[in-house]
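A.B. asks: Sharing a structure, written as structure tokens. Questions coming.
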Ligand code: ARG
């Protein structure tokens, strides 16, 4: 439920509980009342419920008795003081909960207020806080695989969520552009370049060469040495090798950019691993100065205690490691960029790596080590591998997945709606949206089942289902305008909005003019459920962000789409004989469409106009 409403009810309850001398008992629960308020088990009881279980011990009564008692007191007080809780229609005590059902006008007014905010769902509660999020971060010369798909879509969704919460966000690409593999590639390029089509298919050539190097190195061990030697030349800044390396990076970035564009992904900063080359010596020096470095067979490590193996800082040949570069990168993010929160969206297989890096930072004495979070995610499980053509049977590539989805949607459009305008655009929006949604609807920590039929099921728990509901809303609005001609603005047909700012004043001493309730919209359970769900949009975003879980948003959108569809199926929205009611219902439709589309855009999914 809407935070403003929660706070309002909490403030009024607080006054009352204070009068009843119960406030001390409540404060023993160590929560502000607004945080105790929750959604009632049964929505017919209302929109908010206060559990009183925590009071049982202090009051030596059963929760059911306490709920009854407080409810009676509230009602008694309300009877003598008409302005008290005048926005509440019904108060019920049900087994340890006090349930509050709001007046219809209060719900619609609150909804209008929410819908008229400058940016729907946005708050400035984290203003002046900087958040860095590292996501997508592919490895140069390799195609993005589905693991990167997850890092990309989860990362971008979290980034969007952080923006709704008022953070200043820096989306960072920690590009994998350093390491011995670039020595191998540079060596391979010098030897084999003539055999590949670098002009026509630069990225494919690069990757094929990379694969070939590894195949040949299996039989010819000397290749590894050649690669390592060439990498040392790169690290020493040999201009010839550096320029090859730059070319590899450029070719790869161009390839990734195409996919990022398709997924609507935008980084603010590229800080690849190579960026930290110049920082490594200083970083290792800090570790050493803190007395944390221990020599082990020529290599240097930091011991991290019983729970985990030591963190390797430099190899015996002096070369740096992935972890060393991540230490340097964390220092850069916190000390140079000055972030307050530092998120790494990377697969669960790197859990130990991040534990080691964060622990090392903690031992180095950085208080901000606790503000670094590994946002881990599980892997994909393809139900029907056969449907995916995998290149060389090695890995499943992101682009193939997107192409496949778009191709399948095109097929669906051809059979179901062949006269649709802008078919290609819609197929792209729906196909790509379906893949993104299927990823995000799952709890990110778990593995994701990849089942093509489920992903594209327009009636199931899918992205297309949410998009389709939005399209349905738009066509209802359009129909309203055709049926009631000359209706330029919907709003003018709805009753005037209650003076909510007045209603929500923290200190309500004067009587608020109660809005005449003769109209009583919403009154049907489906209408009330829909309004209540819409009202919880902002709080839902906050909750999703606090858990770093875009799945909260995706599941909310499914619930909202379902709530709209039951309303749509049960009630006649446009009734030629009842214009005022039609207008109310169409306005509710309009709000639903806006929230669906806003929610989808948080997930970086587009909303087609028709499909
Ligand atoms: N390039 C790495 C990979 O593809 C991910 C990098 C994640 N970010 C980081 N700071 N380590 O596995």
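Throughout, read-outs are computed from the coordinates displayed, never taken from laboratory work. Note that this is a predicted model, so its numbers are computed, not measured. Cβ coordinates were reconstructed from backbone atoms using ideal geometry, including for glycine residues, and neighbour counts include every protein chain displayed.
A.B. asks: At 222 nm, what value in deg cm²/dmol follows for the chain if DSSP H runs of at least 4 each add -39500 (n - 2.57) and the sum is divided by all its residues, to the nearest 500? Intermediate results must be reported in sequence, preceding the final value.
C.D. replies: Values: 23 runs with 313 residues, N = 611.
Using -39500 (n - 2.57) per qualifying helix, the result is -16500 deg cm²/dmol.
A.B. asks: With a point put 7 Å past each Cα toward its Cβ, work out how far residue 65 is from residue 20 in nm, to one decimal.
C.D. replies: 1.4
A.B. asks: Rank these for me by crowding, 360, 542, going from fewest to most other beta carbons within 10 Å. Could the numbers behind the result be given before it?
C.D. replies: On the way: 360 26, 542 17.
With the fewest neighbours first, 360, 542 line up as 542, 360.
A.B. asks: While we're on this one: Rounded to the nearest 10 degrees, what's the angle between the helix 423-440 long axis and the longest principal axis of the chain, both from Cα atoms, 0 to 90?
C.D. replies: Orientation of helix 423-440: about 90 degrees from the principal axis.
A.B. asks: Output the peptides 282-295, 440-453 sorted from most to least packed, where packing is the average of other Cβ atoms within 10 Å over each peptide's residues.
C.D. replies: 440-453, 282-295
A.B. asks: Over all directions, what mean area does the Cα convex hull of the chain project, stated in square nanometres?
C.D. replies: Numbers: hull surface 137.6 nm².
Orientation-averaged projected area of the Cα hull: 34.4 nm².
A.B. asks: With label points built 7 Å along Cα→Cβ from the Cα atoms of residue 449 and residue 261, find their separation and express it in nm.
C.D. replies: Rounded to a tenth, the inter-label distance reads 3.7 nm.
A.B. asks: For the range 213-288 and the range 305-363, what is the separation of their C-alpha centers, rounded to whole Å?
C.D. replies: A separation of 18 Å, based on Cα centres.
A.B. asks: Compute the helix-to-body angle for 202-219: its Cα long axis versus the longest principal axis of the chain, expressed 0 to 90° and rounded to tens.
C.D. replies: Long axis of 202-219 versus the principal axis of the chain: about 60 degrees.
A.B. asks: State the extension gain, in nm to one decimal, for the chain segment bounded by residue 403 and residue 84, taking 0.36 nm per residue of separation less the distance between their alpha-carbons. Display every interim value, and only then the final one.
C.D. replies: On the way: separation 319, 0.36 × 319 = 114.84 nm, distance 5.92 nm.
Answer, rounded to one decimal: 108.9 nm.
A.B. asks: Same structure again: I'd like the FRET efficiency for residue 7 and residue 349, computed as 1/(1 + (r/R0)^6) with the beta carbon distance as r and R0 of 51 Å, rounded to 0.05.
C.D. replies: That pair, residue 7 with residue 349, gives E of 0.75.
A.B. asks: Computed over the Cα atoms of the range 288-328, what is the ratio Rg over Rh, Rh following Kirkwood? Can you show the working numbers first?
C.D. replies: Numbers: Rg = 10.0 Å, Rh = 10.5 Å.
Rounded to two decimals, Rg over Rh is 0.95.
A.B. asks: Further question: Provide, in order from the shortest bin, the percent of all Cα-Cα pairs of the range 99-184 in each 5 Å bin, continuing until the bin that contains the maximum pair distance.
C.D. replies: 3, 12, 14, 13, 12, 11, 10, 8, 6, 4, 3, 2, 1, 1, 0
A.B. asks: Still on this structure, please answer the following. Computed on alpha carbon atoms, what radius of gyration and Dmax characterise the range 208-335, expressed in Å?
C.D. replies: Gyration radius and largest Cα-Cα distance of the range 208-335: 17.8, 48 Å.
A.B. asks: Rounded to the nearest Å, what's the spacing between the alpha carbon centres of the range 421-453 and the range 29-77? Just the number, please.
C.D. replies: Centre-to-centre distance over Cα atoms comes out at 42 Å.
A.B. asks: If you don't mind, another one. In degrees, nearest 10, range 0 to 90: what is the angle between the Cα axis of helix 551-570 and the longest Cα principal axis of the chain?
C.D. replies: That works out to roughly 40 degrees.
A.B. asks: Any chance you could list the semi-axes, whole Å, largest first, of the equivalent ellipsoid that the Cα gyration tensor gives for the range 76-142, using √(5λ)?
C.D. replies: Computed over the range 76-142, the values are 45, 18, 13 Å.
A.B. asks: Let me ask something else about it. The range 25-148: D in µm²/s via Stokes-Einstein (Kirkwood Rh, Cα pairs, 37 °C, 0.692 mPa s)?
C.D. replies: 179
A.B. asks: Let me ask something else. What does the convex hull of the Cα atoms of the range 440-483 come to per residue, in Å³, rounded to a whole number?
C.D. replies: In the range 440-483, the Cα hull volume divided by residue count equals 62 Å³.
A.B. asks: Could you tell me the relative contact order of the range 214-360? Use alpha-carbon pairs under 8 Å, at least six residues apart, and round to a whole percent. Provide the component values of the computation, followed by the final result.
C.D. replies: Values: 95 pairs, mean separation 21.3, N = 147.
Relative contact order for the range 214-360 comes out at 15 percent.
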